[in-house]
Amino acid sequence: MAVHGRCHLRPALFTMTNMTFLTCSLLLILPCCTAMSVFDAPRFLPLRLSSVSLPGPYGVGVADLFLPIHDNDSDTKSSSSNLENNFVLDTSDLPNRVSIRLLYPTTDVPHGNKMPYLHPLLAKEYLRESMRISAPNKWLKRCRWILYYLKLIKTPLQEQAKLLRHDNDNTAASQSSQLLPIVFFSHGLSVSSATYTYQTASLASQGFLVVVLNHADGSAPAMLKDGISSEDRNGNKNTHDKPQLLLYDQEIAKLLQTDFGAFIQRRREQASYRTREFLAAVHAFMQLNETESANDNDTCEANEGDSTLTNMRRMLRHRLDAERVTFMGHSFGGATALMAASLQPHLAQRVVGHDAGVELMTDDLSQALLAGRQSDNNSGSGSSNDKPKTRQSIHDLDILLLYSKEWQDKNYGQSQKLLELYQQNKLGRTNGTSHVAVVADSHHMEFSDVAMLTPKWLCQATGRFVGKRNAVEAAMEIDRTTTTWLQQQQ
């Protein structure tokens, strides 16, 4: 949602009467709503993400919920070749529940686009904060309403949809075919789970369960604190006059101008927090696969009446494929996914980084990644379904790293070093399918929805998000490359 560049409006224009303010707002907002340069579909209100079709054969169900996390020592210890001691997941400073968005395949037929792109209780403050974070000068920062057109966007995601089930056969083979691959996704800096609706929904439309975290480290413009679920989306239940929000941590951002060393240190502390939050969510989500216990009803009743979680427990039980788990993220989220895979490689078989911010990883984990595979002894037979005990390092997994042309040119994310490791066959599992590629003529923000939802006139006026190609085409190539790579593992 970031907006960068120079403001071409004179400061005097911001001192205006209410009527002039309203008129100017309409003149700016209507072009935003009708001149979405990346869409060739008819221009109408409200905007609909269905103007960009999802690639898969399935519809996409969605649930926003708070997932209880548990500290289970037996599950959170793992051997890691680049650490002196076994890693123990410390959840003492994490909240009791983490905010996630679950997207999943469904055969339910959508009845139009009804789900808002941004949560109604969150949207206004989220967009105001986005402008405050990213606008390049104080005058444009005052135009916090300039992104309000995003509140008009509707998506074809379906709440309370049924999870995909291929048939009603109860044989063992059929039960195995009902297992679904899982992608755990970490969002980037100054955005949230909603900002990756196209990439995550595309995966879900092709048969993946996608769990997107909303990190509580102050890296998102705004997020709802614990207690708001899908039931509150339309204000039908538990409506709060003023919901409690966690806003972007501006103090860290200020360090960039005053103390770069302190800035990097604080970002790495955030990365460590996000990684532990990510892993705690993985452990908790995979527990939903277990057989129903006597404690389930008590647990659900304790979750502030959140029936969404109760329904998810029932829907996902025995449907999660623990042998097809992928950690994935963009930018700061890419660093988070790589760190999580480094600390507990036995939890995943694959890791995907889209413009992964390797520089923000902690020193020990980034050094282990950049050192490449040191030995072939842990590779086993080369099967993608190695037993968990054989995966002791991130280089025992299959790794996909996609970079934008922008990041490759600037050598961000250690892109040149990692490409060299790939060319030397030292990246990822021996005889595996690890891959490093660059998306031609692409921009960093084309891995998210930002570029495709920012009007062309605004991109040109600010000089940002303007690549050499159509932003939707770039996003579609990113999805094709990622999904094709994931599907060849199955």
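Candidates are the residues of region 89-117 that are open to solvent by 10 Å² or more (accessible area, probe 1.4 Å), touching a helix residue (DSSP H, G or I) at 6+ places or on another chain (Cβ under 7 Å) and part of a loop (DSSP other than H, G, I, E, B); the one that is nearest to D226 (Cα to Cα) is L94.
Conditions (1) under 20 Å from Q424 (Cα atoms); (2) open to solvent by 30 Å² or more (accessible area, probe 1.4 Å); (3) of a type in the set (S, T, Y), marked per residue:
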{"residue": "M339", "(1), (2), (3)": "no, no, no"}
{"residue": "V351", "(1), (2), (3)": "yes, no, no"}
{"residue": "V358", "(1), (2), (3)": "yes, no, no"}
{"residue": "M361", "(1), (2), (3)": "no, no, no"}
{"residue": "L369", "(1), (2), (3)": "yes, no, no"}
{"residue": "S375", "(1), (2), (3)": "yes, yes, yes"}
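Taking the condition over 16 Å from L453 (Cβ atoms) and open to solvent by less than 50 Å² (accessible area, probe 1.4 Å), does E129 pass? So E129 passes the test.
Inside region 383-490, counting only helices (runs of 4 or more DSSP H) that do not spill past its ends, which hold 1 or more residues that are open to solvent by 30 Å² or more (accessible area, probe 1.4 Å), farther than 27 Å from F208 by Cα and modelled with pLDDT of 90 or more? Helices (runs of 4 or more DSSP H) meeting the threshold: 405-410, 415-423.
Of note, G334 does not satisfy the criterion of being in a strand (DSSP E or B) and either crowded, with 22+ Cβ neighbours inside 10 Å or under 20 Å from the mean Cα position of the chain (by Cα) (or both).
The values are calculated or read from the model by the stated rules, or taken from the named source; none is laboratory data. In this text, all values refer to a predicted model and were calculated from it rather than measured experimentally. Cβ sites come from the backbone with ideal geometry, for glycine too, and all protein chains shown count toward neighbours. The protein model used for the area step is the full one, side chains on, heavy atoms only, and it has no ligands, DNA or RNA in it. Shrake-Rupley method; radii C 1.70, N 1.55, O 1.52, S 1.80 Å.
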